[in-house]
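**Student:** Before I ask anything, here is the structure I am working with.
What follows draws every value from the coordinates through simple rules; no lab data is involved. The structure presented is a predicted model; accordingly, all values stated were derived computationally and were not measured. Every residue, glycine among them, receives a Cβ derived from its backbone with ideal geometry; neighbour counts consider all protein chains shown.
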Amino acid sequence: MPLTNQQYQDIMREYSDLRMQAEEEADRRRAAIEKSLPELPALERRIASLSVQETKLRLNQHEEEAAGVRQDLEEAMQQRLKMLADGGFSEADLAPVYHCPMCRDTGYITRPDGSLEKCRCFKVRETRVLYHQSNLEGLLEQQNFDTLTYEYHTGEDLSHLKGAVSICRDFVNSFETNYRNLLFCGTVGTGKSFLSCCIASELLKKGHSVVYLSSQSLFDALARERFGTSADEPYDFQSSLYDCELLIVDDLGTEMTNSFVETQLFALMNERALRRRSMIISTNLTMGDLQKRYTDRVASRILERYDIVRLTGPDLRTLR
Ligand SMILES: [Zn+2]
């Protein structure tokens, strides 16, 4: 489930291709511009050489001469802008146009302290890889708001389902402004995973990073990362779990629960809460079961921070 080194390399190669395309495209535009402004290259060479001269003079503390060169330099730069404008061009016509202006197609943004941070576009790519890999793409084609049906529900079950759908739609619509967590609970086949898929599908379409994992594969992957039993070395799986915009944990309680799982679940819920990143958990367990299985601290976090959405009704898996 986590990004492997190979997948990380593939993403970085994609970025390098994008940068190359942007730069080649800028070179083609420049060539066309130089054709209609034949004096531009010589003027630009003059600007470059004046700039070098100025720097040298300042390094040798010839301030007065440097100031003179600076004046020539500024005039030449003005002349260049005027030349471009008279020809009907602007500075922007010469610059590469990157897909992501934030990171200039490098995948990383430099923080004020000089350290690097993954760009939002990297996280989207990362999620796409994970999502592709977990076969979620196919699942989401079948399970989304367009394929949602009310035909198997009646009476109270139907009103629970309608209430749940309206909570899901609100969750999607206010996702960018409202930090919220959901817990879907109910017996097997009542549509908990289906509704999680509806939300995942809408948010992925809007370009958000969503990681959707079954509880079992989540804790297996964390254990592999922690205890290093994976041959295919995972790429910083834990931080993608902390950072993705929405984390969906499906079928909590179906994993082999032990103290490692309890600790990881608690840490995950806390870390994401600190970052105000939403989580959706679905489970067949009751609140009492959750408390017994994952201790009071996990159960009380859920009660405090999650909107609990109960689903009831027949087992849809047998009806469909
Ligand atoms: Zn970016």
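**Student:** So which aspartates and glutamates can residue 56 reach, going by Cα to Cα under 13 Å and dropping same-chain residues fewer than 8 places off?
**Tutor:** Filter leaves 64, 65.
**Student:** Running a GNM on the chain with Cα contacts under 10 Å, which residue among 78, 21, 216 ends up with the highest mean-square fluctuation?
**Tutor:** Between 78, 21, 216, it is 78 that shows the largest mean-square fluctuation.
**Student:** A further question follows. Provide the per-residue ³J(HN,Hα) series for segment 190-206, in order, calculated from phi with Karplus coefficients 6.51, -1.76, 1.60 and θ = phi - 60°, each as a whole number of Hz, with x at glycine and proline positions.
**Tutor:** 8, x, 5, 5, 4, 5, 4, 5, 4, 5, 4, 4, 4, 6, 5, 4, 7
**Student:** What Kirkwood radius, in Å to one decimal, follows from the Cα pairs of segment 59-179?
**Tutor:** 21.4
**Student:** Moving on to the next point. Roughly what % of DSSP beta bridges within the chain run antiparallel, to the nearest 5?
**Tutor:** The antiparallel proportion sits near 15 percent.
**Student:** How about residue 123: which lysines have a C-alpha closer than 20 Å to its C-alpha, ignoring those fewer than 8 places off in the same chain?
**Tutor:** 205, 206
**Student:** Where a Cα-Cα gap under 27 Å defines reach, which lysines qualify for residue 292, not counting those fewer than 8 residues away within the same chain?
**Tutor:** Cα-Cα hits under 27 Å: 192.
**Student:** To continue, here is another question. Can you list residues whose amide H is under 5 Å from residue 248's amide H, if they're 5+ apart or on another chain and H is modeled 1.01 Å from N?
**Tutor:** For residue 248, the qualifying residues are 211, 212, 213, 280.
**Student:** How much length is gained if the chain between residue 16 and residue 63 is pulled fully straight, taking 0.36 nm per residue apart and subtracting their Cα-Cα distance, in nm to one decimal?
**Tutor:** Extra length available between residue 16 and residue 63 comes to 12.7 nm.
**Student:** For the pair residue 295/residue 35, report the inter-label distance in nm, with labels modelled 7 Å from Cα in the Cβ direction.
**Tutor:** If labels sit at residue 295 and residue 35, their model points lie 7.1 nm apart.
**Student:** Can you give me the long-range amide H partners of residue 108? Hydrogens built in the peptide plane at 1.01 Å from N, cutoff under 5 Å, separation of 5 or more residues or another chain.
**Tutor:** For residue 108, the qualifying residues are 119.
**Student:** Still on this structure, I have one more. For each cysteine in the chain, check whether another cysteine's C-beta sits under 4.7 Å from its C-beta; list those where none does.
**Tutor:** Cys with no partner Cβ under 4.7 Å: 168, 185, 197, 198, 244.
**Student:** Follow-up question, since we're still on this one. By how many nm would the segment from residue 263 to residue 82 grow when fully extended, if each residue of separation counts as 0.36 nm and the alpha-carbon distance is taken off?
**Tutor:** Stretched fully, the residue 263-residue 82 segment lengthens by 58.7 nm.
**Student:** Could you pull out the longest piece of the chain with no exposed loop GluC sites (Glu not before Pro) in it, calling a site exposed if DSSP puts it outside H, G, I, E, B and it has at most 12 other Cβ atoms within 10 Å?
**Tutor:** That gives 177-320 as the longest site-free run.
**Student:** Looking at segment 5-108, I'd like the Rg to Rh ratio, where Rg is from alpha-carbon atoms and Rh is Kirkwood's inverse mean 1/r.
**Tutor:** Ratio value, two decimals: 1.13.
**Student:** Gaussian network model of the chain, Cα springs within a sub-10 Å range: biggest mean-square fluctuation belongs to which of 57, 40, 140?
**Tutor:** 57
**Student:** Once you mark the chymotrypsin sites (Phe, Trp or Tyr not before Pro) that are in a DSSP loop and have at most 14 other Cβ atoms within 10 Å, what is the longest gap between them in the chain?
**Tutor:** 1-149
**Student:** Taking N as the number of residues in the chain, what value does Rg over Cα atoms divided by 2.2 N^0.38 Å take?
**Tutor:** Working it through for the chain, the quotient is 1.41.
**Student:** Quick check: the angle from helix 63-86's long axis to the longest principal axis of the chain, C-alpha only, nearest 10 degrees?
**Tutor:** It works out to around 70 degrees.
**Student:** Between residue 152 and residue 97, what is the FRET efficiency for a Förster distance of 51 Å, r being their Cβ-Cβ separation, to the nearest 0.05?
**Tutor:** FRET efficiency, residue 152 to residue 97: 0.50.
**Student:** Over all distinct alpha-carbon pairs, what is the Kirkwood Rh of segment 134-319 in angstrom?
**Tutor:** Across segment 134-319, the inverse of the average 1/r is 17.0 Å.
**Student:** Compute a Gaussian network model of the chain, connecting alpha carbons closer than 10 Å, and tell me which residue from 49, 159, 174 fluctuates the most.
**Tutor:** So, out of 49, 159, 174, the one fluctuating most is 49.
**Student:** Spin-label point model (7 Å from Cα, Cβ direction): what's the residue 170 to residue 23 distance in nm?
**Tutor:** If labels sit at residue 170 and residue 23, their model points lie 5.1 nm apart.
**Student:** Here is a further query. Expected output is a single nm value to one decimal: the length gained when fully extending between residue 286 and residue 226, i.e. 0.36 nm times separation in residues minus the C-alpha distance. What is it?
**Tutor:** 18.7 nm
**Student:** Given charges of +1 on the Cβ of Lys and Arg and -1 on the Cβ of Asp and Glu, with all other atoms neutral, how large is the dipole of the chain about its Cα centre, in debye to the nearest 20?
**Tutor:** Its charge dipole is roughly 680 debye.
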